[in-house]
Each structure stands twice: as structure tokens, then as C-alpha cells.
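Presented below is the structure to which this report refers.
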Amino acid sequence: MSELRRNVQRKESWDKVTGNAKYCDDFSVSGMLTARILTSPHGHAIIKRIDTSSAWSIPGVKAVITGKDFPVLCGVLLRDRPALAIDRVRYCGEPVALVVALDEETALKARDLIQVEYEPLPVILDPADALKEGAPILHPQVGVLFPDVKDIYPIHGTNIASHYQIRRGEIQAGWKACEYQVEEDYYLPPSDHLAMEVRTARAQISADGKVKITTTSQAPFSVKKQIAEYFKIPAGQIEVHVPLVGGGFGGKASVMLEILAYIASRKVGGRPVRLVITREEDLQSAPCRLSLRSKIKLGADCQGKIQAAEITYWLDCGAYSDIAPNMAKSMASNGTGPYYIPNLFCNSFCVYTNHTYATSYRSFGHESFTYCLERAMDRLADRSGIDPLEFRLINAIRPGDLTPTQVQCTPSNTGNLVACLQKVKDLAKWQGTAPIKIEPNKVRVQGVSCLWKSASPPTNAVSGAMITFNPDGSLNLNTGVVEMGSGNKTNLAQILAAKMKLDISQIHVVYDVDTRLNPEHWKTVASLSGYMAGNAVCQAADDVLEQIRTIAAQAFECQKQELEIADGMVFIKNNPNCYLLFKDIVAGYKAPDGRSIGEPVLGRGGFMLKGLSILDQETGKGKPGPSWTVGVQIVELEFDKRDFTYRLIEAYTVIDCGALINPQAISEMIAGGMAMGIGLASREYLSYDFQGVLQSPTLRTYKLLHIGQEPDYRVGLVQTPQEDAPYGIRSLSEHGIIGIPAALGNALSRAAKVNCTQLPLTPEYLWSISQKGQA
Amino acid sequence: MFEFTADKCLIELDVNGENKNAIVRPSDLLLDVLRNQFGLTGAKPGCKNGDCGSCTIIMDGWPVKSCLVLAVEAVGHTILTVEGLAGTSPVQKAFVDYHAFQCGYCTSGFLMVCHSLWMMKSDADEEEMEDWLQSNICRCTSYKEIRKAMESVLLQNPQKS
Amino acid sequence: MIPIHFEYYRPQTVRQAVETYIRLLQEKKKPLYYGGGSEIISMSRAGDIHPGAVIDIKEIPECMVFEEQNERLVIGAAVTLRQIRDSRMFPLLGTVSKHIADHTNQCRITLGGNLCGNIIYREMSSPLLLSDAQVLFFGPDGVRRALFTDAFQLRMLMNPGELLMQIHISKQYLKSPYRYIKKTANEKIDYPLMSIAALYDQKSWRVAFSGLCASPFRSLKIEEILNQRHLSPLQRAEMVSELVPGQALSDYRGSSQYRLFMLKNTLADMMEEWEHV
Ligand SMILES: Cc1cc2nc3c(=O)[nH]c(=O)nc-3n(C[C@H](O)[C@H](O)[C@H](O)COP(=O)(O)OP(=O)(O)OC[C@H]3O[C@@H](n4cnc5c(N)ncnc54)[C@H](O)[C@@H]3O)c2cc1C
Ligand code: FES
Ligand code: FES
């Protein structure tokens, strides 16, 4: 289908290069009050006293709010997080008070006058410490307060927010079949999403109680539901607006600032309030990427087939659980990587610590466990004496194999990893494991990692699409998907254009999301928008086509089957000269004699996930997501053996994309993911001191990759259609990141002859482990 | 001597070829004045610390980060923002053609650096181009697309106005 | 936004600048001379400093000069790093400029601001420590001239009210062979883990360091070792890295041990290159 394979420009391109594109904070601020937060300087402490009286005394201050003013508990899965800290702070940066004032200067002046007396408590920054006997329990009430949550298993009296397990086969028998084994411990520190647009929100409440929130959210419908639930407001009273979003990467799916903006407005009689968040606050206070500890034991038989695995993931979710229990579940259900392992014993714990709390991050934890698992895979390949790429081929999951949660693989639901591996071998000219000497001190090496991912949405997540027409016969496509860079709206327009057999220029998309006007779309996360909203768009298109046929059949006085629709017209197949243009028919048809026929065409399509199930608590059996996307990545670099510095040369991804829609856009999305993976692997981390205070709260200190240090990015595609997805496409917006840290770790471990078990892979880290003489 | 000592003062700025008045505090940032008083929201705050470049504008021909400039300092200088390019700079078209953005948040800043480079040093080699572009961060793209867009403009080696 | 009020002055002469400064000082307004403003703005925003007034020196002719005058290169304090790098008049100084912050910031950061700033790296000091530069201050008593090596003792030593007006560098150093290496933790656009500048003068190398210790420095003792050409570069590098311990910085960018490891390698590399000069 021509409209599908075509490279099309983003629909919003010219808006984005002229400054016309509007993001949350780009709307007029006149008439708005400003709110600023006061945050905790301690990683863990009791709040003994808060004195706001001096802050109130500043002229222009409209409200000073503390936790006790709104004693609600928030949280998308477990309600463990107060809107503002009450009695206790659990991370450095936690919001403690909120000042609302006429302007920002006044708000800041007043904020600095709030006196808070703290009594510091012991700080836990490592899940291993959090699980020790006698460790302070961060949430004594969890597991008691809201006992009816589903699919979450907090362990009361511990710091475990949830626990999942996978039990399959006979683990002891599995070990007996193994000839080679590895057992490794890994540690990954937290890092941040660092979308270039800082998170923010605005709120106002009308006299009759209508709440209007404008936010940088990836999940406007979730904002609406959560605010309704926490503050007991009928959801219909709440409208949530999301204009363009300046990058999300999962970090804007959590509902936090919207709650603060809402209570700020509530406290000033509903006046419009703009919450101002600085980059420093965003880094310290708003949720970040998880941190992970893991233990991986893998064994293979003499042919190199993996027979057994014992895996434990301790996901450090920080001070509050947010969506992290689901990420722990995802790690359990996909934590073997895309390999078939007959005997499997896996535990995944979501553990509280005093880090900034974590939320979804591009690929929902897959980038983290993949680092651990794929490092272990390389070690086991070496032990077995098999080339690491070959070793992955031997173990790659194939149709008929069972996933860890015992879903049977088919080409449709898991694609073709074997084909990806074969393709990458050529694309990257795989050189095997031996570093190639290029200068006395320099070697060139490659490292490989596979990737897979399935989403872990609620089993009943929904999406929708609506289509209306303009007088020129062009279409307006309206969905609840947020545009934050992944090009979803353009992709959906392309799907619609293909269904309508129409040029994409005839499709207009509605960019902003307004929860009153747009059909609900669960959340713009998990790379599921193409699948879910795409299916809804197809249905809406069918609806439109059917309506047009009905009207045309009356107009032509023929059978609907005799009609064909393409290029903006409907015509009789056997007599193309007998046609009607969309513009003449979509508002209802006026016959030459003046008779009116039909009615305006309005398309609707709805979609709901089907066939997913909650995992069995004992064995983990169940279907967590609609499908898996598989792929393989290779990183090639030049390593300086004396300095432990390195230069990236190439980064390759071969991924099963299902089907090609906008090939250029696919490559760019994957390359962007790879770039983020390289940043994560090589330099990014949130460095905390032992009292839990962030050492790198600015972009001066939290280092991102700049231009000029990137490798050349190359993307190869394999196409195994996913049958239940529009035109067979697969999810892939997050996936470019997943295997890059592992591929880099594998390359560097070989180059430096060390065993990398951490991130980021800085020259100093490589040097320090080489000093310890391990390998 | 040129001085602003009052709490608030009236200034006149030359922005995109127009004289604009604003009432500012001497400590107000040019970025905030452009955005909040002139509605020129193309320049974006990403860090307000000089690190990300998304607030970049052009002052007297050179790129500067408007989060590190006082509005009063800009009096007597010419300011160009992305809105002032009005779709006519070849870098804008190149960014569209080469898909040099995803979320678009960093784009205005990158464009201003690129436009200044094209105006000031249209003969720049790759090293110099990289050097200029390293002032900005893009979190979405792989940089490859931005690089290609800028290269395509430099290759045209235009007659400078 | 900057949550405080300050007054803004843009004097046209040095004298006006200093008089204004003194007056504001008497009025207890905690004035600051204002160069590129990058540090003043970011520190004021963060609440680390609270100036009551800033005196912008960017229209003072003496602070803007950048030219050769009688066998000397004269650089005004308000000249930007970009101007210095683009001019290529003093290639070592230009190379150092090129590695500070990023190009766009270099269009604003001034020589005076970098030297007088609070951010510990003050990398522009290295070439000046090596080139017998002179510094001219302007204070209540007029011009004061000093050797840069005397005036810059870990930081710029100035009398109250004094303004750094100019740097003078004798022409003989401008075209001397030089080397400059900056090492960062991993990301290129970062503060230095260490940067080393070297300038060749009459058969020996002079060397200055930034980022290695709490302040930039030049050490004659280290230079003496480095110039012992009968020893191998590695031997000399090792001797130097044994001299520094204890003072080497340790922070989240790099431990002191790692800095010393890098120091040894970087010096050895640099000395290898010296052989070809
Ligand atoms: C993104 C970024 C990255 C950076 N990276 C580096 C780096 O790698 N290496 C490095 O060395 N620095 C680095 N810096 C620091 C930068 O060099 C300083 O911010 C800069 O030195 C300040 O220069 P300015 O002209 O903007 O000074 P201002 O902010 O104007 O002034 C700084 C201080 O110097 C005083 N001052 C200024 N001029 C004079 C004068 N003529 N006489 C007396 N006092 C004066 C001011 O009162 C103030 O206290 C970086 C800065 C940024 C923004
Ligand atoms: S906002 Fe100015 S550089 Fe980031
Ligand atoms: S396009 Fe999103 S930050 Fe560059």
C-alpha cells in the first residue's frame, strides 16, 4: 500500500521549526498565580514541626499549603504517596509545602521563610539494605491500608512493595543437565528521563466546581481518573488538556504535579495557578528511572543450550511505588530475555528505599534487566566456548517455545529473532569476540545483545478514534494519543490514509488532547499507541467507509457492493465515470433535484485489549501483553587499553518491525533510542551521597550525550506481521534503548578484559575494576 | 552611564526587527521577558542554567543562551528569535526535510545556532559545525538527522546577504 | 527567574565603573562587576549569591580592547572567549577558550569573568601563568600593574573595589610551541577532570594544571622534573604524579586516584609529543 511504505514528514513539522508549536508552559501566564514547592533536604526524616506563619506574612502570598491540608494518599497502583509529605519525608526533594503567590518572586521569598524542623532518620539507598533485618520500614501501612488491590503483592512489615515469581520446569533437574554455569551480581544506579521539557502543570477550578488542568502528561485520562478518585470529584467535572509534549520517555506518565497544581488552585478559591518547576526540582522531586540489583545464575548443556536459570531482580523503586510493581512484574515475565529456558526459577521484588521514587522509563525496566541478563549470556557463551552471537542463535526463542509466563510463541506474537540475528551478522560484519588491534594501545571490538519487550498494560486498556470531515472533503482525525515526539499522530494519519486510499495531505490531525473532546486512550506509553489507537482508527475508517457507501448507494440507486472508494471519491466499480467527491457527500448528499440523502458522516472506532490475563501468583502463568517485539543490537568501539577511554564507532539494531509504515520514521525512532541507550550506558546516573542527597541535580552535573561523540547508527528491519495489529505493525518506539547498555558492556568487558557488572561504563569504572584484577 | 535602579523599569528592545517595550526588573532574564511579555515562546527553558541550549536566540548575529542574559543587557542590541526567521531560513526547511526533531522542544535552540552558523561561517567545516552544535542537547533524536540537516545547508554555500 | 532585585549599571569608563562600585559598596549594596554574567546569573538564580547591584563592564573601551600594542598583546577583561579563539592571536589561549563550556557560552563568557569567577576551574589562567603575563587592575587609586603569577595565587587577588581591566602578554610568547589537553569523566562538554597547558620557552617547557586540584596552579618543581629529558616520559610522569597526591581532587566526577592515573598518562603523552617540537 503506497501510503504506508512512504516516508512522510511529521504533520506538525512546520509548527516545530517556526516556534508555533505550543507546549504546556507556552500559553499566556497573565492573570495566573504562581506556585512553587518547598522540598525536603533530607533523604529520610521525621517532620517535627512546620511553621508557615512568616511565609504567610509576605504581601502577595495567597496560600501556603502543607501535607495536612490535603491528607490524601496517591498512587496509581498502591496508594502510598501523600500529595505533600505528612509527618515524614522519604526522599531528598520530596515536596513538603507549596506556596501560591501573585508572582514567582513572592512565592520564592515566602517559601524561603517556611521553617521546617526535621529529625533525620537512617537512610537506605540499596535494596539489599532495605531487606536486612532491622531496616527501617518506609511504609508500615502498605498491605494493610488498601487491601483490595489486584495483582500487587506487598509484604506487610517489610520494604517489599510487591513480589512476583516464575516457576517452570524442574530447576534441580535443569542444573543437572548443565555443563557450564555462570553466577553473577549486577548493580545499576538510578538515572533520569531528562526530557528536554521540564514537567509542569496548571490548574483552575470554576465556581461550579469544574476542574481544568493543563499538563505535560503522557496520561491525561489517568490524570482525570486519579484526581477524581483522590478528591472525590465526579470525573465528568474534570477536564485535562495536554498540548504538545517536549519528550516523555515514560517520565510524564506518573501523576504528581497535576495533584499539586490542583490543591494549589483549591486553596486559592479556584484561581488559575501555574506550578513552576525548575530543572533541579524536576531531577530531585519528580520520578526518575529505577535502580536495580540482580543475581543471575545461568547454565547451559554441552551443546550450548540453556537448561536452567535462577534469577532474582530487586527493583529499587525509591520512596514510593508508583508504577514500579508493574515493572517488577514485567521483569519477572520477560526477565529471561528472548531465550527459551525450560527450567526457570525467577523472583522479582519491588523494594522501597530513600531514593527519589521511580516511574516508567523508556522500555519499562527492560533496558535494566537486559543489561544483567545479556552480560550473563556473554559470560556463559565464553564458558561454553561458543561465539556469543552463535550462542544467542542457539537459544533464541522460536515459534512453539514457551515464554516465561507460558505463552506459546507464534510468528505473529513474537516475530522472528533468528532472522534478526542472521541479518545483524551481515549488517555489522560480525567479527567475533577477539579484539582487533589497530594501534599499539588501541583495539576495536564489538559487543552484542538481544532485546525483547512486551507491554504490561491493564488487561482492559482502551483506545478510540473519531473522524469528522471538512467542507473540502478532507478528514480530521481525533484520538486521545499525546504527541510527545514519537510521531504517533502522523503514523495514525498514515494508517487512516491507507484505509481511505487517500493522500495523507487530506488527513488533518488534532494535536492537543482534551479529555472531554478526545476519545479515551489509556496512556501514551508502552509503545502501544500504534497497536491500540491504530486498531481504533481502522475501525473508525471502516465506519466512515460504510456510511459513505450507504449514502452513495442511495444517491446512485445501486448496491453498496458495487461501490469503490479511493482518492477522495466514491464511484461505481464498473463505471468509474459515475462518481461523487467526498466534499459532496460527507455532509449528507444533496441530489441534483434538491432531495437530501443520508446524513453527515461521523466515524467512530473503539478498541479494547483482549485475551490478557493476570499472572498466576505461584507460577507466573498468564498473558501479560498482546505481543513481543524482538531484535538484536551490536555496538562497535575503539578502546584505549592504557587510558580505559573509548570511542563509539557504530551501533546497529535489527528489529522485527512487523510491517513498514514510514520506514524513515522507524529508523529515526530506533536511532533515538540507541542514542539514549548510549547516554545511559556511558555517562548518566543520579549520584547520591550517603545521606541520600542528589549530587548531580543540574545539567551541568548530570551529563547527557552531546553531538559529536555518537557512533554511526544503522538500522535493519525484519518484517513478520503481527496479525491483530493494523497492517501487521509492531510496537517499537521504546525499543532502540533496550540492548545498547548490554552490548556496550559486552564490548568493553572484552576490550578491557574485565567483567562489567555496573553502569555507567565510564573510563574510571573500567579502570577501577581492572585494578581489582577481576575478569 | 546607562543605569536601571528602580524596582521596575521600562525598556525598549529590538526584537525581530521590531521595537518592543517591556516593564522589567533589572534582574529579569531575557528568556522570561521574551516568553512572558512578548509571547515569543519559541525560545524554551530546558535548564535555565546555560547547559541545554533550548533557549538560544541570536544577539548581534551570534548565538546566546537567553537564560543567561539579563533583559536590560539586551537594550541596544539586536535580537532574533525563531519567530523572526519566519520560515525563511534555509535551516528551517532543512530541519523539516531531514526530520531533525522528534518532540521539537530543542528545535528552536538548535535552529538559532544553525542559522547563526550559516550567517556567520557558511564555510564552516565539520569540526567547527560540531563545535557550535555541541552547545545544545537533543534528547529525542540520534543527532544524525540534525547533523545532516546542517550539512545540507552548509553544502549549499549560499551567497550571504 | 532570579528571585532577588539588583540594580544594573553600564558605565562608559573605568573610572565611572570604579566610582560606582565604591559608592554602592558604601551603600552596602554588595555590588559585583559584571562580565558575561553567566556565573552571576546562575548563582543568583540558585540563591548562592545576592548581589544588590551589578556593574556591566562591556561598554568600557579599556575592557574591550583586543589588539597588539608595542610588542604586547592587550586583551580587555570583557573580551569573550569566542573572540579570543576566533582571533588566533594567542593560539594556546584560544585553544583553552575553545574547551571551556560550549561555543554558545563562549560568545558570552569573558576573560575577566573566567579568571575572577567562583567556579574553581578558571582554565584561562593556565596560559597566563605560563607566559609571564601582566595584569592591569583599575581601582580607586587608578591603574595597578602586576605579574599574573603574583596576582593569581590559586585565585585572583584583588583589592576592594578593583576591577580586572586588561591582560598584557609579551609578543614573544604568542607563537611559542604549546600543547593543551583536557580530560573529562566521559562526556566532552563537561568541567575538566583535569586540563594541562604547556608552553615552550627557550628550551624548556612550562606547565600549568586546572581541575586536578582545588585551584589551577603552575609549579616550578613539577616543571623541573618534566624537563629532565634524560628520563623517559613515563619516568617523569610517574615522578610528578607522586608529587601531587593528597592535593588531587576527589569528587563524583573522579576519585583522586583516578585523577592521578590520568595525570600520569596524559603527561606521558604530552612529553612524547614534546620530543617532536
Ligand atoms: C555551561 C557552562 C560550562 C562551563 N564550563 C567551564 C569549564 O569547562 N571550564 C572553566 O574554566 N569554566 C567553565 N565554566 C565557567 C565559566 O567559565 C564561568 O561561568 C565564567 O568564567 C564566568 O564568566 P562571565 O564572563 O560570564 O562572568 P560573570 O558571571 O560576569 O562573573 C563571574 C565573576 O567574576 C567577577 N568578574 C567578572 N569580570 C570581572 C572583572 N573584569 N573584574 C573583576 N571581577 C570580575 C564577577 O563579579 C563575578 O563574581 C562554565 C560555565 C558554563 C555556563
Ligand atoms: S534554558 Fe538556557 S541553556 Fe537551558
Ligand atoms: S526533538 Fe526532543 S529534545 Fe530534540
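The values are calculated or read from the model by the stated rules, or taken from the named source; none is laboratory data. All of these numbers come straight from a predicted model, not from anything done at the bench. Virtual Cβ from ideal backbone geometry, glycine too; neighbours counted across all protein chains shown. Please note that ligands, DNA and RNA were not included when accessible areas were found on the heavy atoms of the full protein model with its side chains. Shrake-Rupley method; radii C 1.70, N 1.55, O 1.52, S 1.80 Å.
Restricting the calculation to Cα atoms, every distinct pair contributes to the Kirkwood radius of chain A, found to be 27.5 Å.
Counting heavy atoms of the protein chains alone, A:K62 has an accessible area of about 80 Å² for a 1.4 Å probe. Counting only protein chain heavy atoms and rolling a 1.4 Å probe, the accessible areas of A:R604, A:R6 rank, largest first, as A:R604, A:R6.
Inter-chain Cβ neighbour count for B:59-66, averaged per residue, equals 4 (cutoff 10 Å, partner chain atoms only). Using the Karplus relation 6.51 cos²θ - 1.76 cosθ + 1.60 with θ = phi - 60°, the per-residue 3J(HN,Hα) values for region A:353-358 come to 9, 9, 6, 3, 5, 9 Hz, with x marking Gly and Pro.
Of the DSSP H helices in chain A, those with a Cα length along their own long axis of 30 Å or more and a mean Kyte-Doolittle hydropathy reaching -1.0 comprise A:529-556. Rounded to the nearest 20 debye, the dipole size of region C:61-173 about its Cα centre is 240 debye, using +1 on the Cβ of Lys and Arg and -1 on the Cβ of Asp and Glu. Between A:S696, A:A493, A:G708, the Cα set farthest toward the positive side of the dipole of the protein assembly as shown (charges on each charged residue's Cβ, about the Cα centre) is that of A:S696. Structure remark: mean-square fluctuation, Gaussian network model of chain C, C-alpha springs under 10 Å; the largest value among C:L231, C:L164, C:L193 belongs to C:L231. Magnitude of the charge dipole for region A:461-608, about its Cα centre and with charges confined to Cβ atoms of Lys, Arg (+1) and Asp, Glu (-1), is about 160 debye. Mean partner shielding of peptide B:91-99, defined as the number of other chain Cβ atoms within 10 Å of each residue Cβ, is 4. Of all the options C:E187, C:E68, C:E238, the one that moves most in a Gaussian network model of chain C with Cα springs shorter than 10 angstrom is C:E187. Here the simple spin-label model places points 7 Å from the Cα toward Cβ, and for C:Q202 and A:R5 these points are separated by 7.6 nm.
Here the Kirkwood formula puts the hydrodynamic radius of region A:235-280 at 12.5 Å, using every distinct Cα pair. Couplings for region B:23-33, taken from phi via the Karplus curve 6.51 cos²θ - 1.76 cosθ + 1.60 with θ = phi - 60°, read 9, 9, 8, x, 8, 6, 7, 4, 4, 5, 5 Hz in order; Gly and Pro are left as x.
Distance from the Cα centroid of region C:61-128 to that of region C:191-221 is 17 Å (rounded to whole angstrom). What is the percent carbon and sulfur in the accessible area of the protein assembly as shown, measuring with a 1.4 Å probe over the protein chains and ignoring ligands? Roughly 50 percent, rounded to a whole number.
What number does region C:7-56 give for Rg over Rh if you use C-alpha atoms and the Kirkwood radius? My calculation of the ratio gives 0.98. Here chain C is assigned +1 on the Cβ of each Lys and Arg and -1 on the Cβ of each Asp and Glu. Its dipole about the Cα centre then comes out at about 120 debye.
Obtain the nm distance between the two label points defined at C:E242 and A:F231 by a simple spin-label model: each point lies 7 Å from its Cα along the Cα-to-C-beta direction. According to this spin-label approximation, the distance is 7.0 nm.
Using the Cβ-Cβ distance between A:R642 and C:L154 with R0 set to 30 Å, the FRET efficiency from 1/(1 + (r/R0)^6) comes to roughly 0.45.
Computed from label points 7 Å out along Cα-Cβ, the spacing between A:D208 and B:S122 is 6.0 nm. Multiplying the residue separation of A:E133 and A:E179 by 0.36 nm and removing their Cα-Cα distance gives an extension gain of 12.9 nm.
The Cα atoms of chain C give a gyration tensor whose axes a ≥ b ≥ c have a/c of 1.5 or more with a/b greater than b/c, which makes the shape prolate. Of A:E119, A:E258, the order by accessible heavy-atom surface (1.4 Å probe, DNA, RNA and ligands excluded), from most exposed downward, is A:E119, A:E258.
Give the calculated FRET efficiency between C:V277 and A:F690 to the nearest 0.05, with a Förster radius of 45 Å applied to their Cβ-Cβ distance. According to the calculation, E is roughly 0.45.
Relative to the current alpha-carbon distance between A:F146 and A:E618, full extension at 0.36 nm per residue lengthens the span by 167.7 nm.
Neighbours of C:D201 by Cβ distance under 12 Å: Lys/Arg scored +1, Asp/Glu scored -1, total +1.
When A:Y164, C:Y21, A:Y579, A:Y685 are compared by accessible area of protein heavy atoms, the largest-first order is A:Y579, A:Y685, C:Y21, A:Y164, using a 1.4 Å probe.
The length gained on full extension between A:D712 and A:Q115, counted as 0.36 nm times the residue separation minus their Cα-Cα distance, comes to 209.7 nm. Here A:D472 and A:E562 are evaluated by their C-beta separation; at R0 = 41 Å the FRET efficiency comes out at 0.95. For the cross-link pairs A:K429/B:K144; A:K224/B:K20; A:K225/A:K583; A:K232/A:K621; A:K453/B:K44; C:K58/C:K171, the ones whose C-alpha atoms lie over 30 Å apart are A:K224/B:K20; A:K225/A:K583; A:K232/A:K621; A:K453/B:K44.
Placing unit charges on each Cβ (+1 for Lys and Arg, -1 for Asp and Glu) gives the protein assembly as shown a dipole about its Cα centre, and among C:S210, A:V407, A:F469 the Cα reaching farthest toward its positive end belongs to A:V407. Taking other residues whose beta carbon is less than 13 angstrom from the beta carbon of A:S333, and scoring Lys, Arg as +1 and Asp, Glu as -1, yields +4. Computed with every protein chain present, the accessible area of A:W767 is close to 30 Å² [probe 1.4 Å]. Of the residues B:L111, B:F101, B:V69, the one whose Cα sits farthest toward the positive end of the charge dipole of region B:35-111, with +1 on the Cβ of Lys and Arg and -1 on the Cβ of Asp and Glu, is B:F101.
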